[in-house]
1. Go through the range 112-132 and give me each residue that's open to solvent by 20 Å² or more (accessible area, probe 1.4 Å), closer than 21 Å to E159 by Cα and among the β-branched types (V, I, T).
2. Of the conditions (1) free of Cβ contacts under 8 Å to residues at least 24 places away in the same chain; (2) in a helix (DSSP H, G or I); (3) more than 19 Å from Y398 (Cα to Cα), S357 satisfies every one except a single condition; which number is it?
3. Against the condition more than 25 Å from I34 (Cβ to Cβ) and either open to solvent by less than 50 Å² (accessible area, probe 1.4 Å) or assigned to a loop (DSSP other than H, G, I, E, B) (or both), how does G143 come out, does it pass?
4. Hey, can you tell me all the residues within the range 193-242 that are in a helix (DSSP H, G or I) and open to solvent by 70 Å² or more (accessible area, probe 1.4 Å)?
5. State whether one or more residues within the range 96-111 are open to solvent by 70 Å² or more (accessible area, probe 1.4 Å), in contact with a strand residue (DSSP E or B) (Cβ under 9 Å, 6 or more places away or on another chain) and farther than 21 Å from F167 by Cα.
6. Of everything in the range 229-252, what is touching a residue at least 40 places away in the same chain (Cβ under 8 Å) and over 14 Å from L4 (Cα atoms)? Give them in sequence order.
7. Can you pull out the residues in the range 337-354 that are of a type in the set (D, E) and either free of Cβ contacts under 8 Å to residues at least 60 places away in the same chain or not in a helix (DSSP H, G or I) (or both)?
8. Does any residue in the range 384-409 that is among the small types (G, A, S) come within less than 7 Å, Cβ to Cβ, of a residue that is part of a loop (DSSP other than H, G, I, E, B) and open to solvent by 10 Å² or more (accessible area, probe 1.4 Å) six or more places away or on a different chain, and which pairs are these?
Amino acid sequence: MKELNEKTAGKMRYPERVIQFGEGNFLRAFVDWIIQKMNENVNFNSSVVVVQPIDRGMVDMLNAQDCLYHVNLQGLDKGEKVNSLTRIDVISRALNPYADFSAFMKLAEQPEIRFVISNTTEAGITFDPACKLEDAPASSYPGKLTQLLYHRYKTFNGEKDKGLIIFPCELIFLNGHKLKGTIYQYIDLWQLGEDFKTWFTECCGVYATLVDRIVPGFPRKEIDSIKEELQYNDNLVVQAEIFHLWVIEAPESVAKEFPADKAGLNVLFVPSEEPYHQRKVTLLNGPHTVLAPVSWLSGVNIVRDACQHEVLEKYIHKVMFEELLETLNLPKEELVKFGNDVMERFNNPFVDHSVVSIMLNSFPKYETRDLPGLKVYLERKGELPKGLVLGLAAIITYYKGYVRADGTKSEPNDSAEILQLLQNLWATGSTRQVAEGILAATSIWGEDLNRIPGLTNMVKGFLDAIEEKGMLNVVKEIC
């Protein structure tokens, strides 16, 4: 078996036009895979220079393979099983600014550099007032980026066409807005001047994005068979689902420069990211949050098995398409397509997604993912959405320490305050007190949900029904 490198496998050479902060699984299976497709399909003609954003990382492993690796896509595509391997060769080199700060700063001197893309985790876009312009490098990602931008500004004497297009991929709502604001904080802290601030404002674009692809990462179980199939010793294989979505809040001029949407990819350039963020939270995370306890209480442990269960499948469909989908404001055709894509993702034959893993912090999740839809549905339809209310009752029952017919006991995992509240409420022996008590918990909901007409009685009714009839029978009654 051959080692994987440029000598043994060959490698395309493109101009370095993209700086990428982050070398982890997600960026390599998402952004770099997308740029690979753009090079192949629309002659994007660009390579990526990877910058390690923290002092410990994987750039040495990348460089050992001349930045070559494979992406293993698994899942359903229009109902068909796919398990593919694609070699990625768009990364030209990988830098560690902590080991070679000058090489990092010299990136700013390359005139053809045009894009900056990042995924430095949700904690990466933060302002650290301890950072200094003279640090080599600044500890925070926005600090490093400001150092790079300022050096570029000085190198090219503020030329307007040397600004950069910046796409943060951190999982923060309106991530671009936050990153831009943080850069302004560094400009002020470091007293970089009004001329630089004007150049940054007018010549650089920092755009909010929403990214969506499940990336399990390195395939430890299958790596030997994958290497055998490849006939290369690739130690950087990254596994991901087939589905991908990149929503970029940017004008048409940016789409022309970064034509991912023309490369047969699910990349959208939109005026506002917000409705797509809401769509993802509502139609992907929302059903997850309620299907997990309903499925577990029905004796089903895996998301895929719940989607293929003759009773639970109807419940999931009801919650997604008949309830939550009706609360969103995007075109219905678009929402239905996204919902169908989500169902294919839930049915991924290669991923055993445990419903128990979804149950972590269920009450805060319900508050952000399902409660808004419950309120909008009530407002629009004049009645409560039974599927969503049953999901809330299922969470409350799960937190009781419920024992299933097979002897398995639920093990809720949440804040000590919430766990204690549920323990105290269930100790009363009254489902009325349980329903009223949990709905009155302003520490969870920010309000008293007993004020929502009919909600208290419906939750109590479902708590009683689950205990008396069993979860599956209750699901049958409402579906």
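1. none
2. Checking S357 against (1) free of Cβ contacts under 8 Å to residues at least 24 places away in the same chain; (2) in a helix (DSSP H, G or I); (3) more than 19 Å from Y398 (Cα to Cα), the one that fails is (3).
3. Yes: the conditions hold for G143.
4. E194, D195, E202, D224, S225, E228, E229
5. No - not one qualifying residue is present in the range 96-111.
6. Result: V238, Q239, A240, E241, I242, F243, H244, W246, I248, E249, A250.
7. D352
8. Correct list of pairs: A405/G299.
The values are calculated or read from the model by the stated rules, or taken from the named source; none is laboratory data. None of these values were measured; they are calculated from a predicted model. Heads up, the Cβs are rebuilt from the backbone with ideal geometry, glycines too, and the neighbour counts pull from every protein chain shown. SASA here: full protein model, heavy atoms, side chains in, ligands and nucleic acids out. Shrake-Rupley method; radii C 1.70, N 1.55, O 1.52, S 1.80 Å.
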